[in-house]
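Below is one structure, written out as structure tokens, with a few remarks after it.
The values are calculated or read from the model by the stated rules, or taken from the named source; none is laboratory data. As the structure is a prediction and not an experimental result, all values here were calculated from the model. FYI the Cβ positions are ideal-geometry reconstructions off the backbone, even for glycines, and counts take in every protein chain you see. Areas reflect the complete protein model, heavy atoms only, side chains present, ligands, DNA and RNA absent. Shrake-Rupley method; radii C 1.70, N 1.55, O 1.52, S 1.80 Å.
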Amino acid sequence: MATTDVLIVGYGPVGQVLTILLAQRGFTVQAVEKWLTPYNMPRAVSYDGEASRILSACGMDAQLDPVVELSGEYIWKNGFGRTLLHVKVAEDGPTGWPDSTSFYQPGLEEQLALRGAELPGVDVRRGEEVTALRERDDHVEVTVTGRDGTEEVRTARWVVGCDGANSFVRGHLGATVVDLGFTHDWLVCDVRLNEPVEFKPNNLQICDPARPRTAVSAGPGHRRWEFMRVPGETREEFESPESVWRLLGLFGITPQTATLDRYGVYTTQACYADRWRSGRIFLAGDAAHVMPPFLGQGMSSGFRDAINLAWKLDLVRAGLAGDDLLDTYQQERQVHVQHAIRMSMDSGKVICETDRTAASGRDAVMLAALRRRTQQRHARSLREAIVDGVLHRTADGTPAAGAGEPAPQGRVAVDDRTGRFDAVVGTGFVLVVRDGTTLALDPDRAAFLDSLGAHVVRVAPADGESASPGTVADLDGAYLPWLAGHGADVAVVRPDFYVFGTATADDLPALVDDLREQVSIPVPQA
């Protein structure tokens, strides 16, 4: 018999978020982290609007204010200082959160750890290492080695490897890493300035073939500068202390004006595991995929893994879904994350160009696009739909209207409460209904939605003149135009904020039946 519901290997941000999402659903969770203390330097420095929405679902809002800031403008320039790309980060994007947030990772991890410690059923074991896994019929045996070398065998109903790019759990699964072949050495320098300085833009990419380089926010009071190693330069000379300060000097940063918290050479990678599940054992985060850092999608993608897996484990644990539902985790996430990997690679190919002739041609194309004002699509294209898995489909098997796309979030009001939809209504399954729609749901279908804990939310125009009692006012116009755009009266949104499907009032019963067929345990035929 399993002694804990889920044992998570690794307690970085992805492991922390998964721990919180599961514990909030009533799971017992043990997290095993081989490092005795959290790593006190940042790795990631930004995350996207979907990640903000997931963090909010973890109960993380105002607690993060001291360690986050709006990313602000993101500008790419060439070696001559001409602007190639100018992205203005929306403060209120389609998720209801900023499209990009800069953050100080040690501060984020500290707040996530505090949140986890508040929740019943969470047991964090630091200074221990998982050294063996053995799967049984109804549990996994996990061998844990302590700092003194003693071994202990623990049991869990499921195990999730959130143990990074050099994952032990991935090795145990025998997964092959699909390498897309994008490697460059970058010197990463994390700096605290002695005096406050306002940077305009807040995030700068210099696409100089002589030395590609980056200057970005790493959260309030922290900055990051990065420099790519160029052909003909040895790694030894590249990462010497003298080289570090010489390169920082390109931005006017000196030992007299700043404190260098850390520096090191990071080699970019673009890869993903071909296998994310073996029975009761799963991979998430960097254990499942790694990408270049240029679009801030690495940690964000890991958070998407966590929330996708959490709601599916929840249904299986509650007896509302069969084990086959867990197969859709890799089915959905593996394809979806490849979009983020390839987008990051595409950006990296532009940034990392060291051939002067090729860079000149690149500049000409990007300058022409800037004049045509077509580049803002670059930021929006990061929002990607799920194309397979738990989705409503048409007769030919393709996703139906709206199915798989990220659900919008806007501000809403009901009674005396006003705020973002998730905060006002709650998270989990949501049936969004255009006010005035007659719901043709019989007691059996209504009971099924109730078993999922689904929120049934009627949405009315912001003026509310003809709204039914208890309806939610669509203050930002995020929901009614969205439904109308799909020719729909209703939409079912999954707990990970992706749309299962939309429908007219007449087709709602079929939509609910399809959801039940895809997630529920089949009823034996008499």
Where a ≥ b ≥ c are root eigenvalues of the Cα gyration tensor, a/c under 1.5 meaning rounded, otherwise prolate if a/b exceeds b/c and oblate otherwise, the chain counts as oblate
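Say R0 is 60 Å: what FRET efficiency, to the nearest 0.05, do Asp416 and Val230 get from their beta-carbon distance? Each step should come with its number before you reach the end.
Working: r = 60 Å, r/R0 = 1.01.
The calculated FRET efficiency here is 0.50.
Assigning unit charges at the beta carbon (Lys, Arg +1; Asp, Glu -1) and nothing else, what dipole magnitude in debye, to the nearest 20, does the chain show about its Cα centre?
Working: 52 positive and 72 negative charges, 300 e Å.
Here the chain has a charge dipole of around 1440 debye.
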Specify the inter-centroid distance of segment 319-336 and segment 250-271, based on alpha-carbon positions, in whole Å.
40 Å
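Are there trypsin sites (Lys or Arg not before Pro) in segment 335-435 that DSSP puts in a loop and that have at most 13 other Cβ atoms within 10 Å, and which ones? Provide the component values of the computation, followed by the final result.
On the way: sites: Arg342, Lys349, Arg356, Arg362, Arg371, Arg372, Arg373, Arg377, Arg380, Arg383, Arg393, Arg411, Arg417, Arg420, Arg434; in loops: Arg372, Arg373, Arg383.
When the trypsin sites (Lys or Arg not before Pro) of segment 335-435 are filtered for loop state and at most 13 Cβ neighbours within 10 Å, Arg372, Arg373 remain.
Can you compute the helix-only [θ] at 222 nm over the chain? Use -39500 (n - 2.57) per DSSP H run of at least 4 residues, normalise by all residues, nearest 500 deg cm²/dmol. Intermediate results must be reported in sequence, preceding the final value.
Numbers: 14 runs with 150 residues, N = 526.
Helix contribution divided over all residues of the chain: -8500 deg cm²/dmol.
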In terms of modelled amide H atoms, which long-range or inter-chain residues lie less than 5 Å from the amide H of Ala407?
Tyr498, Val499
Short version: ³J(HN,Hα) in whole Hz for each residue of segment 266-279, in order, from phi by Karplus 6.51 cos²θ - 1.76 cosθ + 1.60 (θ = phi - 60°), x for Gly and Pro, what are they?
10, 9, 5, 9, 9, 7, 8, 7, 7, 9, 10, 9, 9, x
Vicinal HN-Hα couplings computed from phi for segment 491-507 (Karplus, 6.51 cos²θ - 1.76 cosθ + 1.60; Hz; Gly/Pro x):
8, 9, 10, 7, x, 9, 6, 9, 7, 6, x, 10, 6, 6, 4, 5, 8
Measure of exposure for Trp225: accessible area at 1.4 Å probe, Å² rounded to 10, is 0 Å²
Listed residue (Gly149, Gly428, Ala273) projecting farthest to the positive dipole end of the chain, Cβ model:
Ala273
Just name one of Val29, Gln297, Thr83: the one whose Cα is farthest towards the positive end of the charge dipole of the chain (beta-carbon charges, Lys/Arg +1, Asp/Glu -1).
Thr83
Using a 1.4 Å probe on the protein heavy atoms only, what accessible surface does Asp92 show? Give it in Å² to the nearest 10.
120 Å²
So who's got an amide H within less than 5 Å of the one on Ala31, skipping anything under 5 residues away but keeping other chains? H placed 1.01 Å off N, in plane.
Ile8, Asp123, Val124, Arg125
Whole-Hz couplings from phi, Karplus 6.51/-1.76/1.60, listed for segment 187-193; x for Gly and Pro:
8, 9, 10, 9, 9, 10, 7
Would you be so kind as to identify which of Gly252, Ser217, Leu325 lies farthest towards the positive end of the dipole of segment 216-359, taking Lys and Arg as +1 and Asp and Glu as -1 on Cβ and the Cα centre as origin?
Leu325
Quick note, segment 177-228: a/c under 1.5 would make it rounded; otherwise a/b > b/c is prolate and the rest oblate (a ≥ b ≥ c, C-alpha gyration tensor); here it is prolate
Tell me the accessible surface of His289 in square angstrom (1.4 angstrom probe, heavy atoms of protein chains only), to the nearest ten.
0 Å²
Long-range amide H contacts for Arg229: which residues qualify at under 5 Å (H placed 1.01 Å from N, peptide plane, sequence gap of 5 or more or a different chain)?
Asp185, Trp186, Leu187
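Shape call for segment 217-276 from the C-alpha gyration tensor, a ≥ b ≥ c root eigenvalues: rounded (a/c under 1.5), prolate (a/b greater than b/c) or oblate?
On the way: a/c = 2.93, a/b = 1.45, b/c = 2.02.
Taking the square roots of the gyration eigenvalues as a ≥ b ≥ c, segment 217-276 is oblate.
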Expressed in angstrom and rounded, the centroid-to-centroid distance over alpha carbons for segment 177-217 and segment 46-94 is 15 Å
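Using unit Cβ charges (K, R positive; D, E negative) and no other charged atoms, how large, in debye to the nearest 20, is the dipole of segment 1-122 about its Cα centre?
Details: 8 positive and 14 negative charges, 78 e Å.
That gives segment 1-122 a dipole magnitude of about 380 debye.
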